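S.K.: Got a structure for you, written out below as structure tokens; questions coming shortly.
The values are calculated or read from the model by the stated rules, or taken from the named source; none is laboratory data. None of these values were measured; they are calculated from a predicted model. Note that we place each Cβ from the backbone using ideal geometry, even for glycine, and neighbour counts take in every protein chain shown.
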């Protein structure tokens, strides 16, 4: 049986949708009512990383896990201990591309490194999926685009080889359902580096109306991020943006084409599929 965690998040919900209906799949969520797109054959259960009993119940009879955590806490350690005790054979973990950059020392990257080490030393088979930034992060601009025709971002002329979440999910499903990925690390990017200024221009073209880009300073960006994240996470994201300004996130990897047998999705293609989010009412 395959257990999917993070099933209501950006990647997890696509994994749930893509897993074949003829496989035994269990989906763990803090709020099972929020799970969408699952096969009618999938089992949906309550589970919370902070509740060891719920984890043990969710992991009973499971051989393979898709592990997604996003809180800077002990979630990975608690889950890995419970999974090992439950006899889980393989864990596919969603991590981050920054882990392999020795210059990256922000809180989020350090946390992911610790969690990767925990998994790799657990004795279970493991596969690490390390995506670059999600193209869907652009959805944070949707409100300002709809209301004022503006995109605001930090270091708008710096490039990021961001990746389509659907590509990440398809790679995850391959690693969950195929043999041959044990001990592998898959770093995933889009087909080209792209800047926020260029993304703004592509959105304007698709929407058929002008958009303007406004550059945020570090303090402005930090203030905006603190409205959505804890202070420590907001500070880590600003620190990460500085590495992007230095060119650390522009490298393109060939992993998506190699694993999926097709080109990686472009930002233009992603934006076309999500244009309703940016369209004025």
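S.K.: Of the numbered conditions (1) farther than 24 Å from residue 106 by Cβ; (2) buried (at least 17 other Cβ atoms within 10 Å of the Cβ), residue 263 satisfies every one except a single condition; which is it?
M.R.: Exception for residue 263: condition (2).
S.K.: Residues in the range 175-183: is at least one surrounded by 19 or more Cβ atoms within 10 Å (Cβ to Cβ), over 30 Å from residue 20 (Cβ atoms) and at pLDDT 95 or above?
M.R.: No; the residues of the range 175-183 include none that is surrounded by 19 or more Cβ atoms within 10 Å (Cβ to Cβ), over 30 Å from residue 20 (Cβ atoms) and at pLDDT 95 or above.
S.K.: If you don't mind, another one. Looking only at the range 231-262, count every residue that is more than 19 Å from the chain's Cα centre (by Cα) and part of a loop (DSSP other than H, G, I, E, B) and tell me the total.
M.R.: 4
S.K.: While we're here: Quick check on the range 127-135. Is at least one of its residues free of Cβ contacts under 8 Å to residues at least 60 places away in the same chain, crowded, with 18+ Cβ neighbours inside 10 Å, in contact with a strand residue (DSSP E or B) (Cβ under 7 Å, 6 or more places away or on another chain) and part of a helix (DSSP H, G or I)?
M.R.: no
S.K.: Looking for something part of a strand (DSSP E or B), crowded, with 17+ Cβ neighbours inside 10 Å and more than 17 Å from the chain's Cα centre (by Cα) - is there at least one such residue anywhere in the range 55-71? Can you show your working first?
M.R.: Kept after step one, since they are part of a strand (DSSP E or B), are these residues of the range 55-71: 64-67.
Within this subset, residues satisfying the condition of being crowded, with 17+ Cβ neighbours inside 10 Å are 64-67.
Retained after the next criterion (residues that are more than 17 Å from the chain's Cα centre (by Cα)): 64.
Yes, that holds for at least one residue.
S.K.: Does residue 80 satisfy the condition of being crowded, with 21+ Cβ neighbours inside 10 Å, touching a helix residue (DSSP H, G or I) at 6+ places or on another chain (Cβ under 7 Å) and more than 30 Å from residue 241 (Cβ to Cβ)?
M.R.: Details: crowded, with 21+ Cβ neighbours inside 10 Å: yes; touching a helix residue (DSSP H, G or I) at 6+ places or on another chain (Cβ under 7 Å): yes; more than 30 Å from residue 241 (Cβ to Cβ): yes.
Yes: the conditions hold for residue 80.
S.K.: On to the next question. Looking only at the range 263-281, count every residue that is within 20 Å of residue 169 (Cβ to Cβ) and not in a helix (DSSP H, G or I) and tell me the total.
M.R.: Residues meeting the conditions: 5.
S.K.: Of the conditions (1) surrounded by fewer than 15 Cβ atoms within 10 Å (Cβ to Cβ); (2) in contact with a strand residue (DSSP E or B) (Cβ under 8 Å, 6 or more places away or on another chain), residue 249 fails just one. Which one is it?
M.R.: With (1) surrounded by fewer than 15 Cβ atoms within 10 Å (Cβ to Cβ); (2) in contact with a strand residue (DSSP E or B) (Cβ under 8 Å, 6 or more places away or on another chain) applied to residue 249, the lone miss is (1).
S.K.: Out of the range 84-98, which residues are buried (at least 16 other Cβ atoms within 10 Å of the Cβ) and either in a loop (DSSP other than H, G, I, E, B) or out of contact with any strand residue (DSSP E or B) (no Cβ under 6 Å at 6 or more places or on another chain) (or both)?
M.R.: 86, 88, 95, 96, 98
S.K.: Would you confirm whether or not the range 99-111 contains a residue that is assigned to a strand (DSSP E or B), touching a helix residue (DSSP H, G or I) at 6+ places or on another chain (Cβ under 7 Å) and either within 22 Å of residue 12 (Cα to Cα) or modelled with pLDDT of 95 or more (or both)?
M.R.: no
S.K.: Just give me the residues in the range 211-227 being in a loop (DSSP other than H, G, I, E, B) and either in contact (Cβ under 8 Å) with a residue 60 or more places away in the chain or over 15 Å from residue 153 (Cα atoms) (or both), in sequence order.
M.R.: Scanning the range 211-227 gives 211, 217.
S.K.: Which ones in the range 35-54 are part of a loop (DSSP other than H, G, I, E, B) and either without any contact (Cβ under 8 Å) to a residue 24 or more places away in the chain or under 23 Å from residue 109 (Cα atoms) (or both)? If you could, list the steps in order and put the result at the bottom.
M.R.: First, the residues of the range 35-54 that are part of a loop (DSSP other than H, G, I, E, B): 35-42, 47-51.
The answer is 39, 40, 41, 48, 49, 50, 51.
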